[in-house]
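Okay, so here's the structure we're looking at.
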Amino acid sequence: MESLRHLAVHLAVDLAAVSLLTFAVYYPRHRRRDLLPAYLALNVALFTVVAALAQVGGSGGMALGFGLFGVLSIIRLRSDAIQHEEVAYYFTTLVLGLICGLPNLRLTHAAAFAAVLLAVVYLADHPRLFARSRRTVVVLDAVYDGPVELRAALVSRLGEPMNWTVMEVDFVRDLTVVDVRYREPLEPRGKIAAAPAPESALEAA
């Protein structure tokens, strides 16, 4: 009975931590509802596997290691639909389930580790951190003679480029494909104030 109560408290800490991560941090910032079930199911599944394997006596440590290796090996994170910051949330849900699922870890330590993970993800993915930094792939309808001309073209279209990589140059179609990291300008480009009409045009003939 004591072990069940101990496991229930750890599960409550795990669910509270992963709920904060997904519903309070991830979804308000990225708005991808399709990944919420994946994060929650992955976290609870890993918690269950760790808690179950930890009950095995004798070779439980080896069984735990092979079990975790098997669980992690079936997860595919190479999909083009998943961004790097979303991969970070994946690994955070994994670690939360792993930490909270260890029955021999003191509850205070598990809660402290979970709080540190949540704080790090919250700050590292904060919208105000490098808020003007952007990344995009640009297709330019020209082939440039050098980096100076290419940089000028990027500045006129995007803003101040911090770094870029030329991915493709097509001399037949006159195309240049560039993966660029740039700093968004403070004022939106192309925003031109409407000039007042001349008074003479408003006067009746």
The stretch 127-146: number of residues that are among the small types (Gly, Ala, Ser) and under 30 Å from ARG173 (Cα atoms): 2
Subset tally (residues that are free of Cβ contacts under 8 Å to residues at least 24 places away in the same chain and open to solvent by 60 Å² or more (accessible area, probe 1.4 Å)) for the stretch 13-23: 1
Set LEU154, LEU96: member being of a type in the set (A, V, I, L, M), in contact with a Pro (Cβ under 9 Å, 6 or more places away or on another chain), open to solvent by less than 40 Å² (accessible area, probe 1.4 Å) and not in a loop (DSSP other than H, G, I, E, B): LEU154
Qualifying helices (runs of 4 or more DSSP H) (wholly inside the stretch 17-87; at least 2 residues being modelled with pLDDT of 70 or more): 27-30, 36-54
Positions within the stretch 99-130 being open to solvent by 50 Å² or more (accessible area, probe 1.4 Å) and in a loop (DSSP other than H, G, I, E, B), in sequence order: LEU102, ASN104, ARG106, HIS126, PRO127, ARG128, LEU129, PHE130
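The values are calculated or read from the model by the stated rules, or taken from the named source; none is laboratory data. Bear in mind the structure is a predicted one, so any value in this text is a computation, not a measurement. Here the Cβ is made from the backbone with ideal geometry for all residues, glycine too, and neighbour counts use every protein chain on show. What goes into the accessible areas is simple: the full protein's heavy atoms, side chains included, and nothing from ligands, DNA or RNA. Shrake-Rupley method; radii C 1.70, N 1.55, O 1.52, S 1.80 Å.
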